[in-house]
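Undergrad: Take a look at the following structure, please.
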Amino acid sequence: MLLTEPVGVAGVLAPSRVVFGPHETNLARGRALGDRARAYYAERAAGGTGVLVTEVASVTPDDWPYERAPLASECAEGWAAIAAACRPYGTLVLAGLGHAGLQGSSAYSQDVLRAPSPVADVVTREQPAAMEQPDIDAVVAGFGAAAALAAEAGLAGVELNAGPHSLLRQFLSGLTNLRSDAYGTDRSRFLRDVIASVRAAAGPDRVLALRLSGDEDAPWAGLTPADAYRLVDELAGTIDLLTVVRAGHYSSSRYRPTARTEPGFNRELCRSVRAVAAGRVPVVLQGSVVDAGMAQDALDDGTADLVEMTRAQIAEPRLVALVRAGAPNRARPCLLCNQACQVRDVRNPLVSCVVEPRAGHELDDDPPASRPGPGDSPEVLVVGGGPAGLEAARTLALLGRRVHVAERSAVLGGALRTAAAGPGRERLALLVDWLAEECRRLGVRMSTERTVTPADVHGTVILATGSRPANAAGTVDVLDVLSGAAELPSGAVVLDDPVGGPVAVALAEQLASAGRTVHVVTPDPVLGARTPELADANFRLEALGVHRALRSRVAAIRPGEAELEHVWTGERRTVACAAVVDCGHRRPDETFAEVDAVRAGDCVAPRTVLEAVLEGRRAAFAIVAPPSRASDSSPQLPAGHRSRVAALPV
Ligand SMILES: Cc1cc2nc3c(=O)[nH]c(=O)nc-3n(C[C@H](O)[C@H](O)[C@H](O)COP(=O)(O)O)c2cc1C
Ligand code: SF4
């Protein structure tokens, strides 16, 4: 069976075996799915996804886990619009349905959290009330009513969430279900009641899918693979599609981890669950599958019948179409960085993607058509071969312009290529490799070891010259350490990290693993406060014996020692060290300060890959395409916002 082949699910045909799974997007308007969500899903449907599960909607109004969490009773119109938008592509669209139980929040609902037992969530520590029979009946009925609504809206069916963030899992797990009544002595009873309610309400011709956590990684009381086998055996005849996932009460970050966890990490679990299912229900592999080759292997070796590739399709909506066209390498790679697609953070952002900033912003522009180049138009010079320069060049080439990228160093990729030298960060380089390859394919002229000076700049130019270190006296630049340009003297090392980002975490890990004494100095109460894998990063650094100077800054550097100051009390202490590495904010490169040209990326202000790609593309549009109108339906954006991030043709 081929990944790109149609597959029947309970008699309904899906155009491919690739699944776009449910995830939090913040694209809802209030608690309803609006135009942004429709456009986001439609673009993935157009790209060939086979089964698409919409963002999980709460089945009862007391459940309001985050501000823009969809509520099923408000989703009928949005579901109908999504169904209509995806219909031309044949995509099998399912409504994600769930209830967060103790993992919700009373901050929005001003209602008590309801859960199987009074066990507080490990993250929020909010204490829930144990559900009484009427509460249970209301949720069971809520699932049924939501499924009926989804069916009326024209969706192919529903997927019930018994994954890491769900009341259904909380009932199944011995960690969170401490009841002594029939829902405790028989922990799958609640799920069976919900399935029966949904089946009765949606009718026999709708698909009933289940997302099930098959391992909570807490074997003393949590769900184990053995529990999953028993459950699957029990439920196989009552469901139409089963997605096997991992994680739960203590381990929710293992659901969709960063590149630190091996891609395809759920394969063994999925294969053994599929063996138990024995053809009674098709099984979907989930878990950092971002490579079409790996997905095809999982079909070939009997691991799964379908493969969920959610982040892969956030990064590359055209994934299936490209595989079908025999060009899988042209798919933008997902870096498994979780930087922009994980929206539950203090910024409350819209879902997006560092390699494809148009994700989540599909409505902000009319996509311009690719155009043949005006034969006589002069070549555009792009100064800098990092992500911003390469994306600008790629976009210009797609728009028919001749382009020359001039890169000062011997390799393309800029700071990102060097950043990828840190442990677990290798995938960062995939983006610049992909951009360079696309530029090559599109005929962009690329010169390395080519230094351009302000005097050389004539004609149409895009400046993407990146950043320079802030030059804090007595420190070594982190990029020089990672690239090997600077060799650290032997002895202890202080990493000065006022950012709280992944850079210092990675370098600390690298140096400590090599046997160095490492001190990380941060003004935050925890290391790596702005990394997408906070707990795991701290666990690793703790295990490696990395010293933490929390709520501190480097106040002075003297030969053989650094003086650290507590940022609240002003108390000072010294630590012996051979070097202090500056992992802090950088400064824009100012080589071309006097030149009037379009700029992109770190040379505007050093930030992240997302801004580099976004501005590289905008810079190309600033040269070739006039700004287009902003969508009327951009409630989260300031008036007059023009993202100028546009879709590009396959
Ligand atoms: C040491 C170092 C590590 C970095 N790590 C990341 C990272 O993990 N994620 C990210 O988005 N940007 C990271 N950045 C920033 C990007 O590399 C930078 O914004 C991008 O390369 C700018 O591209 P440009 O030079 O083409 O403007 C890092 C930068 C440095 C100097
Ligand atoms: S933000 Fe990172 S992890 Fe998320 S889809 Fe994009 S590349 Fe993948």
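Undergrad: Which ³J(HN,Hα) values, rounded to whole Hz and listed in residue order, are derived for segment 14-25 from phi using the Karplus coefficients 6.51, -1.76 and 1.60 in 6.51 cos²θ - 1.76 cosθ + 1.60 with θ = phi - 60°, glycine and proline given as x?
TA: 9, x, 7, 8, 9, 10, 9, x, x, 7, 6, 10
Undergrad: Whats the longest run of the chain with zero chymotrypsin sites (Phe, Trp or Tyr not before Pro) that are DSSP loop and have at most 11 other Cβ atoms within 10 Å?
TA: 221-567
Undergrad: Just to be sure I understand: if I project the alpha-carbon convex hull of segment 278-430 onto a plane and average over all orientations, what area do I get in nm²?
TA: So the Cα hull casts an average projection of 13.1 nm².
Undergrad: P(r) for segment 182-266, please, calculated from all Cα pair distances in 5 Å bins and given in %.
TA: Result, from short to long distances: 3, 12, 21, 22, 18, 13, 7, 4, 0 percent.
Undergrad: Same structure, new question: How high is the relative contact order of the chain? Use alpha-carbon pairs under 8 Å, at least six apart in sequence, and give a whole percent.
TA: The value is 11 percent.
Undergrad: Could you give each residue of segment 387-398 its phi-based ³J(HN,Hα) in whole Hz, using Karplus coefficients 6.51, -1.76, 1.60 with θ = phi - 60°, and x for Gly or Pro?
TA: x, 5, x, 5, 5, 4, 5, 4, 5, 4, 5, 4
Undergrad: Return the ratio Rg/(2.2 N^0.38 Å) for segment 1-88, where Rg is computed over Cα atoms only.
TA: Normalised Cα radius of gyration, segment 1-88: 1.15.
Undergrad: Quick one: Karplus J couplings for segment 112-128, per residue in order, coefficients 6.51, -1.76, 1.60, θ = phi - 60°, nearest Hz, x for Gly and Pro?
TA: Result, ordered by residue: 5, 6, 10, 8, x, 9, x, 10, 7, 5, 6, 8, 7, 6, 7, 7, x Hz.
Undergrad: Let me ask something else. Taking the solvent-accessible surface of protein heavy atoms with a 1.4 Å probe, what is the per residue accessible area of the chain in Å²?
TA: Solvent-accessible surface per residue comes out at 38 Å².
Undergrad: Follow-up question, since we're still on this one. In whole percent, and with a 1.4 Å probe on the protein chains, what portion of the accessible area of segment 24-282 is carbon and sulfur?
TA: For segment 24-282, the apolar C and S fraction of the accessible surface comes to 52 percent.
Undergrad: Let me ask another. Taking one equal scatterer on every alpha-carbon of segment 503-564, how large is log10 of I(q)/I(0) by Debye at q = 0.15, 0.16, 0.22 1/Å?
TA: Ignoring solvent entirely, the Cα scatterers give -0.44, -0.50, -0.90.
Undergrad: Please work out the FRET efficiency for the pair D233 and D297, using the Cβ-Cβ distance as r and a Förster radius of 30 Å; give the result to the nearest 0.05.
TA: 0.70
Undergrad: How much FRET efficiency would the formula 1/(1 + (r/R0)^6) give for D181 and R260, where r is the Cβ-Cβ distance and R0 is 56 Å, rounded to 0.05?
TA: That pair, D181 with R260, gives E of 0.85.
Undergrad: Hey, with R₀ at 51 Å, roughly what FRET efficiency would A325 and A486 work out to, going by the Cβ-Cβ distance, to 0.05?
TA: Plugging the Cβ-Cβ distance into 1/(1 + (r/R0)^6) gives 0.70.
Undergrad: Apply the Kirkwood formula to segment 424-513: the hydrodynamic radius equals the inverse of the mean of 1/r over all pairs of different alpha-carbon atoms; give it in Å with one decimal.
TA: 16.7 Å
Undergrad: In nm, to one decimal, how far is the modelled label at R607 from the one at R192, with both set 7 Å along Cα→Cβ?
TA: Going by the 7 Å Cα→Cβ label model, 5.3 nm.
Undergrad: Please list, in chain and number order, the residues 5+ apart from V476 or on another chain whose amide H is under 5 Å from its amide H, with Hs placed from the backbone.
TA: Sorted by chain and number, the residues that satisfy this are V580, V581, D582.
Undergrad: Roughly speaking, what is the centre-to-centre gap between segment 27-50 and segment 73-138 when only Cα atoms are used, to the nearest Å?
TA: One Cα centre to the other: 19 Å.
Undergrad: Dividing the Cα convex hull volume of segment 475-585 by residue count, how many Å³ per residue is that?
TA: Dividing the Cα hull volume of segment 475-585 by its residues yields 91 Å³.
Undergrad: Can you check how the C-alpha radius of gyration of the chain compares to 2.2 N^0.38 Å, as a plain ratio?
TA: 1.00
Undergrad: On to the next question. Given Cα pairs under 8 Å that are at least 6 residues apart, what percent is the relative contact order of segment 396-525?
TA: The value is 26 percent.
Undergrad: Carbon and sulfur: what percent of segment 475-585's accessible surface (1.4 Å probe)?
TA: 52 percent
Undergrad: Okay, moving on. Throw me the Rg/Rh for segment 24-282, computed over C-alpha atoms with Kirkwood Rh, two decimals.
TA: 0.94
Undergrad: Counting Lys +1, Arg +1, Asp -1, Glu -1, what net charge surrounds S106 among other residues with beta carbon under 14 Å of its beta carbon?
TA: Cβ neighbours under 14 Å give a net charge of -4.
Undergrad: As a test question: what accessible area, to the nearest 10 Å², does H404 have when a 1.4 Å probe is rolled over all protein chains in place?
TA: Around 10 Å² of this residue is reachable by solvent.
Undergrad: Here is a follow-up. Tell me which residues come under 5 Å, amide H to amide H, from G400 once H is placed; ignore anything under 5 positions away on its chain.
TA: Long-range HN contacts for G400: R371.
The values are calculated or read from the model by the stated rules, or taken from the named source; none is laboratory data. Just so it is clear, the model here is predicted, and its values are computed rather than measured. So basically every Cβ, Gly included, is an ideal-geometry build from the backbone, and we count neighbours across all protein chains shown. Calculation scope for accessible area: heavy atoms of the full protein, side chains included, ligands and nucleic acids excluded. Shrake-Rupley method; radii C 1.70, N 1.55, O 1.52, S 1.80 Å.
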